[in-house]
1. Within region 71-83, track down each residue that is under 20 Å from N5 (Cα atoms) and either outside any strand (DSSP E or B) or without any contact (Cβ under 8 Å) to a residue 60 or more places away in the chain (or both).
2. Taking the condition of being closer than 17 Å to V71 by Cα and either exposed (fewer than 10 other Cβ atoms within 10 Å of the Cβ) or in contact with a strand residue (DSSP E or B) (Cβ under 7 Å, 6 or more places away or on another chain) (or both), how many residues in region 4-13 meet it?
3. Being surrounded by 16 or more Cβ atoms within 10 Å (Cβ to Cβ), touching a Gly at 6+ places or on another chain (Cβ under 8 Å) and not in a strand (DSSP E or B) narrows it down to one residue among R56, R86; which is it?
4. Quick check: is even one residue across region 123-142 more than 15 Å from Q67 (Cα to Cα), of a type outside the set (A, V, I, L, M), at pLDDT below 95 and touching a Lys or Arg at 6+ places or on another chain (Cβ under 9 Å)?
5. For residues that are touching a strand residue (DSSP E or B) at 6+ places or on another chain (Cβ under 7 Å) and farther than 23 Å from A64 by Cα, scanning just region 29-50, find the one that is surrounded by the most Cβ atoms within 10 Å (Cβ to Cβ).
6. For region 59-69, name all the residues that are part of a strand (DSSP E or B), out of contact with any Cys (no Cβ under 8 Å at 6 or more places or on another chain) and either of a type in the set (A, V, I, L, M, F, W, C) or under 25 Å from T32 (Cα atoms) (or both).
7. Which of the residues belonging to region 59-83 are in contact with a strand residue (DSSP E or B) (Cβ under 6 Å, 6 or more places away or on another chain), farther than 25 Å from F182 by Cβ and surrounded by fewer than 22 Cβ atoms within 10 Å (Cβ to Cβ)?
Amino acid sequence: METINLRDIKKFEPKIFKDERGYFFETYSSSTFQKIGIPNSFVQDNQSFSQKGVLRGLHFQTGAYAQGKFVRVISGRVLDIAVDLRPESETFGKYEFFDLDGLSNKMVYIPEGFAHGFLALEDSIFAYKCTAPYHKESEGGIIWNDPSLNIQWPLDFEPLVSEKDLELPSFKEFCLQNNFDFPF
């Protein structure tokens, strides 16, 4: 496993068995994942397709529906991101990128308390397991280009962002809504 700057995030590189026919690997193994601190309480699997240049996020759910996410790319390549939203954490308001693709099959576990998103660097199929079901009333988000988070997206183009994501609040508004001290 690789060292991660944000506490509690786990990056996992599966053991891939290759031969002249192709390859095989386990995308999920309860016993293997428990050994490295990834819970086995997943209740929902999701999959999306995004064209190159699509930016999704930054999303999260709150309360009883807060989600941990185990993410991977089936085909294509994305720049995945997690932002620490836990006010008690020493990395509150910090982010980390993960380069995920369908060739290396690296995976990332992002626990509850993080906002999540990604930028499709190629046409990509993205899959993730969740520790809680989708619950519309519990969903939240932060605008992808929030100036206080100062996320250094490697963009030389304007990403394609949904109208819904363009209306997300700033990190400062998120802190005010939740009575968190704004760290910047």
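The values are calculated or read from the model by the stated rules, or taken from the named source; none is laboratory data. Just so you know, these numbers come straight off a predicted model, no measurement behind them. Virtual Cβ from ideal backbone geometry, glycine too; neighbours counted across all protein chains shown.
1. V71, R72, V78, D80
2. Counting residues in region 4-13 that are closer than 17 Å to V71 by Cα and either exposed (fewer than 10 other Cβ atoms within 10 Å of the Cβ) or in contact with a strand residue (DSSP E or B) (Cβ under 7 Å, 6 or more places away or on another chain) (or both) gives 6.
3. Within the list R56, R86, the selection yields R86.
4. no
5. Filtering region 29-50 for residues that are touching a strand residue (DSSP E or B) at 6+ places or on another chain (Cβ under 7 Å) and farther than 23 Å from A64 by Cα, the one surrounded by the most Cβ atoms within 10 Å (Cβ to Cβ) comes out as S50.
6. Answer for region 59-69, where residues must be part of a strand (DSSP E or B), out of contact with any Cys (no Cβ under 8 Å at 6 or more places or on another chain) and either of a type in the set (A, V, I, L, M, F, W, C) or under 25 Å from T32 (Cα atoms) (or both): just F60.
7. Passing the criteria: I74, S75, G76, R77, L79.
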